[in-house]
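Derivation of every value follows stated rules applied to the coordinates shown; laboratory data play no part. Computed from a predicted structure; not experimentally measured. Reconstructed Cβ throughout: ideal geometry from the backbone, glycine too, with neighbour counts over all protein chains shown.
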Amino acid sequence: MAPPAQSHRSPSPSQPSGKGEVSDLKSQLRQLAGSRAPGVDDSKRELFKKVISYMTIGIDVSSLFGEMVMCSATSDIVLKKMCYLYVGNYAKVNPDLALLTINFLQRDCKDQDPMIRGLALRSLCSLRVANLVEYLVGPLGSGLKDSNSYVRMVAVIGVLKLYHISSSTCMDADFPAILKHLMLNDPDTQVLANCLSALQEIWTAEASKSEEASRERDALLSKPVIYYLLNRIKEFSEWPQCLVLELVAKYVPSDSNEIFDIMNLLEDRLQHANGAVVLATIKVFLQLTLSMTDVHQQVYERIKAPLLTLVSSGSPEQSYAVLSHLHLLVMRAPVLFSSDYKHFYCQYNESFYVKKLKLEMLTVVANESNTYEIVTELCEYAANVDIPIARESIRAVGKIALQQYDVNAIVDRLLQFLEMEKDYVTAETLVLVKDLLRKYPQWSQDCIAVVGNISSKNVQEPKAKAALIWMLGEYSQDMQDAPYILESLAENWDDEHSPEVRLHLLTAVMKCFFKRPPETQKALGAALAAGLGDFHQDVHDRALFYYRLLQFNVSTAERVVNPPKQAVSVFADSQSSEIKDRIFDEFNSLSVVYQKPSYMFTDKEHRGPFEFSDELGNLSIGAESIDNCVPVQQVEANDKDLLLSTSEKEDVRVPTNNGSAYSAPSYDSSASLSASQTSTDLVTLEPALPRQASPSLAIDDLLGLGLSTTPMPAPPPPLSLNSKAILDPGTFQQKWRQLSISLSQELPVSPQGIAALTAPQALIRHMQGHSIHCIASGGQSPNFKFFFFAQKLEELSNFLVECIINISNSKSQIKIKADDQTSSQAFLDQFQSALSKFGTL
Amino acid sequence: MISQFFVLSQRGDNIVFRDYRGEVQKGSTEIFFRKVKFWKEEGQDEAQAPPVFNVDGVNYFHVKVAGLLFVATTRVNISPSLVLELLQRIARVIKDYLGVLSEDSLRKNFVLVYELLDEVIDFGYVQSTSTEVLKSYIFNEPIAVDAARLPPLGPAAIFMQGSKRMPGTAVTKSVIANEPAGRKREEIFVDIIEKISVTFSSSGYILTSEIDGTIQMKSYLTGNPEIRVALNEELNIGRGSGSLYDYRSSTGSGAVILDDCNFHESVRLDSFDVDRTLSLVPPDGEFPVMNYRMTQEFKPPFRVNALIEEAGNLRAEVTIKIRAEFPSNITANTIVVQMPLPKYTTRATFELDRGAAGQTADFKEANKKLEWSLKKAIISHMLLWSLIVGGSEHTLRAKLTFLQETHGNITKESGPVSMTFIIPMHNASGLQVKYLQIAKKSSTYNPYRWVRYVTQANSYVARL
């Protein structure tokens, strides 16, 4: 119950230390207990207040329990309330004492004053003592039938409390049926709302146990119930309105007339001053019209103004919550918001998280007509003294440049950033110029001229330095000094702390060497020598690889390291459209603020009502391939039905860096991974797959690293798995629920494996090669989640695996459930060996 | 559903704590406070925690009100708007009951606050946040704290600062407390509060402007009589299909054109379309009758011009000019102008207007900011003198000394200039409460009606 007992570790001198005062209070309370003298209630109040204040600051006053109960024989309601507060606080830890209170609480439940009946009932249900539940049933039953709505209101929530203490007692007393009756018949809307809350919670919890409960839960979404609630919606106060609207959003109307009726009925809810009501209404509108493209678009137009008003009224916290939802809608349908861009300009006093959302919105709504103004505005922020925002703004300008066809002016702006000579501005800009050149190689002349003037000494941030070095390597024929700059960098190898930069330096020197061999020879020698002696495994390996490659054949080396490239058309999106759709389905919830679907941040038991689908069902089934590079045509096609699927105004995110040097300096890893694919373009991040095994093996030989020549298991595994095992997702889910975890372990994942895990599909295919099949996968960087299954070859015995891979710390969490628990260790070994081979081919 | 609710002081002390469902572990207050205090964002040392975050499956929501943190926790995926709105509402209800919201008043009245919390939320489900409805469940009497010593809270508090027209204590009066004299004073307050955002370009041209307004009401009328509030007759809502920033459409006429507005649930709009009156039975306590938003062109109360020029080696000169463009019978107060200066500024000397009493200019070394404040100055014992009256113009000149030579464009190293101010009895939008009609109980019933206007700066920025 109320105040925490642990607060105030060190009571200040003025505060009583405890014992003496408590025994003092005890005797005073005892004196008053039997007294009938006038004014006695006032003295009691003072004493009770003292007791409660001791309780609040953490002094144990449970020894007064008996006296408090004796004194509670009063008609004074203030006294009673304090007594209930006291009892509620100590009952759970002192169940024996709690028994003392049952008597007077039960008596109070029959009091003439409905206030007292209600309060006593609430306290009785809040004792949270399991062996006292038998005393609750009677008072609750009569409370539900009470003539006073306050008592009924309390009783309904009391039923829910009882359910949480002892679900069987609650179900045996048939309380849910009574609640259902009340919900459909009670004149008081708060009673009704409480019934709805309680039933949702009870039926959802029961649904997994009984068919009937699951039917009852679905019945809450039936037409009669929904219509009954909708017809009374204006009688409800704002909070229950939210509850009802949330329910209506899940209702599936039978035809479009029904949809329009509901929308007309709720139209004026959009003018409500409570943002929660407005957002709940918007959710209803969006969900109802999902299959009606035109109307859906009208809904967007209609909700714009109310949303903007909510963003600008209310506290910063509230406006942030609303802005997150606006952000989601803007990201889905940027075209519809392109004329509202001025609303997304940042105000100087806004917090970082608000500005960041706004910058993202500005980025996506930029189109031919407003780009100039948006970029001008962003350039103001870039010059801002607020460094994090300045950085974000520069990135935003870059993103706009990457998504526009006419980048002329923007390139000029970006180049002007470089002239500002602020370190962080230069750093961000370099990274952008690099991406820009990958997409628009035709700008190289202009960019290189400016970039060439930047002294590498002024660039410290690893990402920026890597970008600069990449440009030096890529455009070494156009940059006079390139070999010499690279040479001096190579000579100061030990000063370079970031392995990412050293990797880039190796590659850049190689590229430069192929173009201007005599000038670069010295740099190359220095770089390879330093690289071979590098303590960092990757840098060392790459240096060795280059060295052997050059030894083998220089022209082959050139084809591997510096193949002709195609310009990147679209950079991969950071979030799959499935996840975006999932978040959209969870509109008006935390998912929108966190930009993650709920399964990523809530435990299963807290998903709330009507979360029918188990997480498995919502992950992508099977292994359809999402390439990192989306062809242009596909993007355009998606743009057309932007409202119904996620708008694919693809987030122009370079698939680089997840904080790890390995993950994906894309061009390099592609070059080294798919060495034999001579014409690999810059972005094909096709990770090493089994089917590429044979060409890759050549490299193994070349490097002489002594890897086994076949990827298949050399020693016969103790356990044979069925390579064609079949299991349908439903059965999987059921089994997953039934079986207990037989093994749970954390396994390291090799850096190569992490590097290859640019898409979940790579791992899925790899594991399939080991007869371990994927049934569902999902997640986003840095966490990927997989559900695998495998079957024994000779019998129908299943292994189920949940595997969560975190690519930022290179660890995987494995949970194994098995029909035959005895063989799960053997299976784990096999799983582990399969996983450890991932990426090493 | 809400699992826990608590209020923390700025130092992280637990003032009120209520666990509704027992699902979240005990140490949540400490986990929360540590997280908020040491929030880290990518690339930032000191970042502000967002109002909602998740730690180990527990979602923490918080709002800051009157220097206190109102926090709710839950494990379920609930609507963030609902919880944040609720927290704000709980703060308001507590304020309605205690008169003043502060650490002191909460500590003195914690029994009453628990009483409220028990009725506002039951087992995590919101029951009621209406001050009116809750009245019948609340039996403790508030213990008043001395309001005069408290820092002003919220925009309405400025009315307490010495203006004789306003009864200073009224806004800090509890809805249930009895007046010492016995009878309650019958009165109703209607405040029109407007927050202005304007961005001026370096040439003084208005780039964007917006007014976010709210009509706030606080009623102390017994028996809840019906009230009619009449607004400007020439009031249009929605700016048609044209661009929201099409200024030409509105100039010249006296019409007020709002982009959009929303209303409190007690407001009935039956005759709003006909004669622009709102009718409502005001519940007890403070609540917003109407929120509105306007991007129609309006006259900004201040024109701001700022200039920074290099003046030789290692030197520069800053000139900031502000001109008050409102009628001369109105005064603005607590004006502060700030401007970030180049990082390598070491010294700044200032030159103010002659006779600029009460003005101070300062160079904040730590964050390299220039701060010019034009506060009310006390000239003699009784006379309060506001410096900025309508029509006046003020200039600040500053000479800067630099540590190193400037390279590049000095205007990119400093600015923008931002300004905060409060102007009582003025509103920029032109939205007015024409009259406030209270349904009469008897001919002698004539409660006090206070209609007050105030304009504040929200984001008032001039670029260099």
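See the values below:
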quantity	calculated
A:Q442-B:L314 FRET efficiency (beta carbon distance; Förster radius 35 Å; 0.05 resolution)	0.20
The range A:409-452-the range A:724-758 distance, computed between alpha-carbon centres (Å)	45 Å
Most positive-pole-ward Cα, A:L505, A:L532, A:P564, against dipole of the range A:475-564 from beta carbon charges	A:P564
Fewest-first sequence of A:D495, A:D412, B:D212, A:D446 by Cβ atoms within 10 Å of each Cβ	A:D495, A:D412, A:D446, B:D212
Under the Debye formula (equal points on every Cα, no solvent term), log10 I(q)/I(0) of the range A:475-564 at q = 0.15 Å⁻¹	-0.49
Value of Rg to Rh for the range A:252-373 (Rh from inverse mean 1/r over Cα pairs, i.e. Kirkwood)	1.00
Lys, Arg +1 and Asp, Glu -1 on Cβ, resulting dipole of the range A:475-564 about Cα centre, debye, nearest 20	460 debye
Total charge dipole magnitude, the range A:721-837, about the Cα centre, Cβ charges on Lys, Arg, Asp, Glu only, Debye to nearest 20	280 debye
Quotient of C-alpha Rg and 2.2 N^0.38 Å, computed over the range B:4-134	1.03
Fewest-first ranking of A:K785, A:K80, using other Cβ atoms within 10 Å as the exposure measure	A:K785, A:K80
Zero-based 10 Å bins, Cα pair distances in the range A:417-517, whole percents	16, 53, 29, 2
The range A:108-162-the range A:489-535 distance, computed between alpha-carbon centres (Å)	78 Å
Those residues of the range A:46-73 whose amide nitrogen sits under 19 Å from the label point placed on A:R30, 7 Å along Cα→Cβ	A:47-48, A:51, A:61-73
Gain upon complete extension [A:S210, A:D96; 0.36 nm per residue less C-alpha separation]	37.5 nm
Distance-filtered residues of the range B:283-318 - backbone nitrogen under 16 Å, label point 7 angstrom along B:E405 Cα→Cβ	B:310-316
Which of A:T602, B:T208 has the fewest Cβ neighbours within 10 Å, and the rest in rising order	B:T208, A:T602
Efficiency of FRET between B:T360 and A:N148 - r from beta-carbon atoms, R0 60 angstrom, step 0.05	0.45
Backbone N under 14 Å from the A:E491 label point (7 Å along Cα→Cβ), restricted to the range A:498-524	A:520-524
Nitroxide proxy distance, nm - points 7 Å out along Cα→Cβ at A:I387 and A:N408	3.7 nm
Efficiency of FRET from Cβ geometry, A:E373 and B:T444, R₀ 60 Å, rounded to 0.05	0.45
Of A:K457/A:K515; B:K64/B:K95; B:K343/B:K369; A:K358/B:K64; A:K358/A:K465; A:K735/A:K785, pairs whose Cα-Cα distance is over 20 Å	A:K457/A:K515; A:K358/B:K64; A:K358/A:K465
Residue-wise HN-Hα coupling along the range A:782-795, computed from phi with Karplus coefficients 6.51, -1.76, 1.60 (Hz; x: Gly, Pro)	x, 10, 10, 10, 10, 10, 10, 9, 8, 10, 5, 5, 8, 10
Loop-resident sites, the range B:404-464, for trypsin sites (Lys or Arg not before Pro), counting at most 15 other Cβ within 10 Å (DSSP)	B:K440, B:K441
Unit Cα scatterers, Debye sum, the range A:202-297: log10 I(q)/I(0) for q = 0.15 Å⁻¹	-0.62
Global size of the range A:131-263 as Cα Rg and Dmax, reported in angstrom	15.3, 53
